[in-house]
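A short reminder: the numbers here are calculations on the coordinates, not readings from a lab. Computed from a predicted structure; not experimentally measured. Note that each Cβ is placed from the backbone with ideal geometry, even for glycine, and that neighbours are counted across all protein chains shown.
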Amino acid sequence: MLRKLLLLIETLVMLAGIAMGLAVWRVQAVLDQPLSLPAEQLIDVPLGASPGGMLNRLEDQGALKGAFWARLYWRFNLDSQPLHTGEYRLGPTTTVREMLSLWQRGEVVQYSLTLVEGWTFRQVRAALDRQDKLKQTLEGLTDEQVMAKLGHPGVFPEGRFFPDTYKYVKGMSDAQLLEQAFDRLDTVLAQEWQARAGDLPYTEPYQALVMASLIEKETGVPQERGEIAGVFVRRLAAGMLLQTDPTVIYGMGERYTGRITRADLREPSPYNTYLNPGLPPTPISMVGREAIRAALNPTAGSSLYFVAKGDGSHVFSDDIEAHNQAVRQYQLKRRADYRSSPGPTPVPASAGEGGTGADAPAAPAMAAPAEETQQP
C-alpha cells in the first residue's frame, strides 16, 4: 500500500513537472512571438489600464496570440510593476517580451515643445493650443483664470514662464506643462538673484525680471546683453527715462502692425517708457537665463544710449551728440537689408506677434534707442 502511494506521488510530481515544463515552454513561445502588426505604430495605454486588459485588447485586435500566458508571466514576474500611461512605439519585429519590457521601463513616446525667449504669454498659449498630444484644459479661459488654475491667482502671467524645451507624453495637460515652466522660472530667477552684483536699482527679483525682459527684446547680438543692461541701469540711476521701443509696442498690443510712430510714443500707457519714469509695471516677454544674468550683472561703463546698426548689433554712446550722429548714420540712411536683430524669432502661426524691429528711422533727437520708430 505504501509502495503504491509513493508511486502515485512520484507520478503526480512527474506529471506536475511535465506540466510546468510545458507551461514554461508555452510562456516562452508566447513571449518570443513577434507582434502581428502591419507597420510600426503607436499603442496607446490609457490612464487606469492594466497589463492584463491591454494584452486582451491586443489579442482581440489580432496583434498577438496567447494573452493568457503573457498575463501569467506578468503576474508572477512583474506584478508589483505599475503600467505607465502613454504611447508605446511597437512594430512588426517587436516581440511580446520586448513589449512587456517597454511597459516595465515605462518607455513611453515623448514629445517636446520649445518655448522661445522673447515670446509673450499670448504666443505661449498659441503654441500650447497647437500640441494635439497635450490634453487641452485651458481653452476658453482668460489669462487670469489660467493663473488661478495653476495655483497662482492674481499673478500677472507675462514673463512668468521660463523659455526652454519641455518634454511631455500623451495625456499630459497643457496646465501641467505650464506649471513646469512657471516653477523653472522661479528657480532660475532665485539662483541668479543670489549671484547678483551690488548697487543695483532693484528691491526685489521681480524688478530684475522686468528689466531682463527689456534686455531680451532689445538684444540682437547675445554678447551685447550686459552692455544694454548697463545702459538701462545707468539711465535709471541718473533719473532718465528708459525710452525703449519694445515697451511701447507691448502697450499697443494687437494694434502694433510692425512699426510705431511719434504719435505712438506720445500715447499714454503704463508701458510707455518714453512718458513714464522707471521700469514698466510687468515684464513684456519671456526671458532666458542670460538676460536675467545680464540684468543682475550689467557691464560697467559710461554709455547712456544705443542705436541699432542694422546687422543686429548696436552702437553705444556716452552723450546725446554722439548718439544723434549714430542715429543719422545708421537710422536715417538705413541699409537695404536693415534688421535690428539677427533673424526672426520663431512664432506660432496663430500668434501673429511681430518682432522688435520696424522699418522706419528713429528721430535724431531721441534720448534713447528708438530704432523702431517711424517719422510722422
**OP:** Provide the gained length on full extension for the span residue 28 to residue 142, in nm with one decimal, where the gain is 0.36 nm per separating residue minus the Cα-Cα distance.
**Re:** 35.5 nm
**OP:** State, to one decimal in nm, how far the label point of residue 97 lies from the label point of residue 173, with both points 7 Å from Cα in the Cβ direction.
**Re:** 4.1 nm
Subject >> Length released on extending from residue 238 to residue 79, taking residue separation times 0.36 nm less the Cα-Cα span >> reply: 50.3 nm
Subject >> Gain upon complete extension [residue 311, residue 275; 0.36 nm per residue less C-alpha separation] >> reply: 10.1 nm
Original post:
Placing +1 at every Lys and Arg Cβ and -1 at every Asp and Glu Cβ, with all other atoms neutral, what dipole size does region 161-265 have around its Cα centre, in debye to the nearest 20?
Top reply: 260 debye
